[in-house]
1. Would the stretch 118-131 turn up any residue that is surrounded by 18 or more Cβ atoms within 10 Å (Cβ to Cβ), in contact (Cβ under 8 Å) with a residue 12 or more places away in the chain and not small (G, A, S)?
2. For the stretch 18-78, which helices (runs of 4 or more DSSP H) that fit wholly inside it have 1 or more residues that are touching a residue at least 60 places away in the same chain (Cβ under 8 Å), of a type in the set (K, R) and within 23 Å of S243 (Cβ to Cβ)?
3. Here are K319, K374, K326: which of them is at pLDDT below 95, basic (K, R) and not in a helix (DSSP H, G or I)?
4. Quick one: is N296 at negative phi and touching a Pro at 6+ places or on another chain (Cβ under 7 Å)?
5. Taking the stretch 79-98, which residues are among the charged types (D, E, K, R) and either in a helix (DSSP H, G or I) or modelled with pLDDT under 95 (or both)?
6. Identify all residues within the stretch 245-257 that are within 12 Å of R93 (Cβ to Cβ) and among the β-branched types (V, I, T); write none if there are none.
7. On the given criteria, is N310 farther than 19 Å from K349 by Cβ, assigned to a loop (DSSP other than H, G, I, E, B) and in the same structural domain as S24 (by TED's automatic domain parsing)?
Amino acid sequence: MKHKYIENYNLTRFLYARDEVELSLVVSLLEKKNIKECYYWAFELYYSNYDISQLIWKIFYDFYFHYNSTLEKTIYKNLENYNNYYNIANIIRKLFSSRISSTVFKLRQAVLYENYSNFFKRKPGRPPNWLNKYDKIYIPLIISINKSNYLNIAFYLYDLVNKSHDTYLIFVEIIKYFTFDHKHDHDYCINNFKNNKLKKKITKYWKQRKYNDDKHYLLSIILQLMTNENHFNVNGNVKISPSTKDLIWIRNLDSEIIEPIYKTLDFKRIYKINNLIGSFKLIRNEFNKENLNFINNYWELYSFNTPIWNKRFINYNAKLDNYKIKFDSDDNLENFYSKYGYEPDEKTKEIQYKSIGHISKISKKIWYETLFRKKKFENINENENINENENININENINENINENENINENINENENQTLFTY
């Protein structure tokens, strides 16, 4: 093999890089230009037999929960029957039509990957009486919430969890603050405690969570509770559903067999990997090669660990041996390629480059400005055109606090590790 093998570079059902499909889904949802492109990337993962439920939760808590808390119940309900493709399409359709926010995403990037840190210094004198109800380990977080210092909120929250403090106890303290010491219209601000204990309905809310990143989950809860839901939440999008036409298209794309089989990619590679993922660290860059054409000659190797392809290889008694796919017989080899011989190396450049085309690096600043600045929100319903814009203006106080003055994303360093997001 003439290149370095990268184990976590995996190809999907139509031989796209998995990480690039995931990021293309994120970006296409945020762009709000084309719902079919969003479906395409989501079901490229789904029909590759990847479980995308955690990715859905990650996207939701990064960009949507802040202003769309009511969607949480809808996503829970739809994911209960994950095997029904309609439910996945329904989630994607609702996210596509919902207001977006970059705040949680910005804060996570700052704390996890941009080395933001802060050391708490208690002010001289006696602390305010209202703080007496909190254990001292939570004081820096509670004060940061009270002062609306968003970077410090993220830092102290992640610091608590990283030091192995029980995430449920952190959740209790957060709800305690919003119950007794933070005034606005949320349901969580009244009657959440009985005999100084969290009420069962709130405890149940915590226990039913399905997302496996408690730090991210808690940060999203805090930011959502700091926002006046009555002003910002758009509830109408919950009623929007995928069209029958789009559902048929999704199913046909998966089930329709192209003859001859080697023309499959000509008809089923519909979209090119989104160029805006150039703001993220990509696994392809670990190859240290400008041109990825060699991937076409090793597609079996890089698809072997993908669930759908692994099942296909095993069905024909193939195994991975020293970076090569070996079949137990010539008959099985021939039968496999007669059914799945997509021949990506024989495709036109246009078809090839939808998967392995060059992706230029893009600064974080340009990424934010492209997706989150100077746009107007419109509620997108099923009959509307695919080019609607949407309001991405975050609460002005939040923006002032976490933008240039707090140095979250405006200072673009030339060092690659500083200029690219991690997801």
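The values are calculated or read from the model by the stated rules, or taken from the named source; none is laboratory data. Please read these numbers as outputs of a predicted model, since none were measured by experiment. Backbone-built Cβ (ideal geometry, glycine too); neighbour counts: all protein chains shown.
1. Going through the stretch 118-131, the residues surrounded by 18 or more Cβ atoms within 10 Å (Cβ to Cβ) turn out to be none.
Checked against the condition, which is being surrounded by 18 or more Cβ atoms within 10 Å (Cβ to Cβ), in contact (Cβ under 8 Å) with a residue 12 or more places away in the chain and not small (G, A, S), the stretch 118-131 yields no hits at all.
2. Per the criteria, 35-46.
3. K374
4. Yes: the conditions hold for N296.
5. Result: R93, K94.
6. Scanning the stretch 245-257 gives a single hit, I250.
7. Values: farther than 19 Å from K349 by Cβ: yes; assigned to a loop (DSSP other than H, G, I, E, B): no; in the same structural domain as S24 (by TED's automatic domain parsing): yes.
In short, no.
Let's see how each residue does on (1) of a type in the set (G, A, S); (2) under 14 Å from Q352 (Cα atoms):
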position	(1), (2)
I257	no, no
Y262	no, yes
L265	no, yes
I270	no, yes
N275	no, no
S279	yes, no
E286	no, no
N291	no, yes
Y298	no, yes
